[in-house]
Amino acid sequence: MGELAALATAFCWVGSALFFADAGARVGSLPVNLLRLFVGFGFLAVLTTITRGAPLPLDASRHAWIWLSVSGLVGFTFGDLCLFRAFVDLGPRLSTLVMSLAPPIAALVGYAFLGERLTSFDLVAMGLTLGGVAIAVVARPKITAPMPNRGRGLVLALLGAVGQGVGLVLSKHGMGDYDAFASTQIRVLAGAAGFGVVFTLFRVWPRVFRATRDRAAMRSMTLGAIAGPFLGVSLSLLAVRHTETGVAAAIMATTPVLILPFAVFVKRESVPLGGYLGAVIAIAGVALLMAR
């Protein structure tokens, strides 16, 4: 179940990436970062009202509130802020490549913090999956625009990978047996609070208010919120509950590969041979992880 949930998460990330890219192109990535959490929380509240009879996770233990909140701050606020800035300084291709370090980081932190152990078979399958993703990402047409802040972008992308990997481990530790969707609510609340502080310090709120008046952007952002903070994040918590964090993270890292069909058939982009080769290798790695 954990591997299936991780694969479903990767597909959700494809949808959220496409919708958020469209919304971000219209109103900027910072407003979208915060608004997606608000909208995602609304959908989560509706679902938990139906499934649990409570719109808010008020029955969560103190342990869950503390660790899931820290996870939300590390994953959403810190990790995503670093990653989105890295997209600007380093470019999406290289940033995505550096982000492939998130699964091994999650595996190491999971081993140190939760005592999770991976077999040699797991490590080989993870390596195959991440190697395929790396080949597919590197094979994309290179961006020729100058990137004067490449060094800073590299550091930020690495910090984004750390935020994602550590955030997953903290989520697993904080969630325990608590409901995955209610756990996501706590993470989203903490992430939104973190963004609120950052936006107040850097006076981003006027941009957020302007973004809410763009109907096309809000439509794309809403669809992205359904695929991302609502379904994707909740499924990722189900994934780490039922399998090792590093394994789940490796499967979820296949989003750059899963997005290739959209690039070819919808965007009519030309994908080099290395892109297809990387996709095949990554899919083989996922198949091994699913069969473990």
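The values are calculated or read from the model by the stated rules, or taken from the named source; none is laboratory data. Predicted model, so just to flag it, every value in this text is computed and none were measured. Every residue, glycine as well, gets a Cβ built from its backbone with ideal geometry; the counts of neighbours run over all protein chains shown.
Is there a residue in region 25-36 that is touching a helix residue (DSSP H, G or I) at 6+ places or on another chain (Cβ under 6 Å), over 29 Å from Asn149 (Cβ atoms) and touching a residue at least 12 places away in the same chain (Cβ under 8 Å)? Within region 25-36, none of the residues are touching a helix residue (DSSP H, G or I) at 6+ places or on another chain (Cβ under 6 Å), over 29 Å from Asn149 (Cβ atoms) and touching a residue at least 12 places away in the same chain (Cβ under 8 Å). The residues on offer are Arg117, Arg62, and the sole one that is of a type in the set (Lys, Arg) and either at pLDDT 95 or above or within 22 Å of Ser29 (Cα to Cα) (or both) is Arg62. Might you check whether a residue that is in contact with an Asp or Glu (Cβ under 6 Å, 6 or more places away or on another chain) and surrounded by 20 or more Cβ atoms within 10 Å (Cβ to Cβ) occurs anywhere in region 121-137? No. Checking each residue in region 247-271 for being assigned to a loop (DSSP other than H, G, I, E, B) and either at pLDDT 85 or above or surrounded by 14 or more Cβ atoms within 10 Å (Cβ to Cβ) (or both) picks out Ala253, Thr254, Ile259, Val271.
Within region 195-246, being assigned to a loop (DSSP other than H, G, I, E, B), farther than 30 Å from Phe113 by Cβ and in contact (Cβ under 8 Å) with a residue 40 or more places away in the chain holds for Val204, Thr212, Asp214.
The one condition from (1) surrounded by 19 or more Cβ atoms within 10 Å (Cβ to Cβ); (2) modelled with pLDDT under 95 that Arg26 does not meet is (1). Checked against the criteria, Ser234 counts as buried (at least 24 other Cβ atoms within 10 Å of the Cβ), among the hydroxyl-bearing types (Ser, Thr, Tyr) and in contact with a helix residue (DSSP H, G or I) (Cβ under 6 Å, 6 or more places away or on another chain).
In this structure, Ala21 does satisfy being surrounded by fewer than 20 Cβ atoms within 10 Å (Cβ to Cβ), out of contact with any helix residue (DSSP H, G or I) (no Cβ under 8 Å at 6 or more places or on another chain) and either under 23 Å from Lys267 (Cα atoms) or aliphatic (A, V, I, L, M) (or both).
For (1) modelled with pLDDT of 90 or more; (2) within 16 Å of the chain's Cα centre (by Cα), each residue gets a yes or a no:
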position	(1), (2)
Met1	no, no
Phe38	yes, no
Ala54	yes, no
Leu68	yes, yes
Arg85	no, yes
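Residues in region 111-141 that are among the β-branched types (Val, Ile, Thr) and part of a helix (DSSP H, G or I): Val124, Thr129, Val133, Ile135, Val137, Val138. Per the listing Val204, Val208, Val166, the residue uniquely surrounded by 22 or more Cβ atoms within 10 Å (Cβ to Cβ) and of a type in the set (A, V, I, L, M) is Val166.
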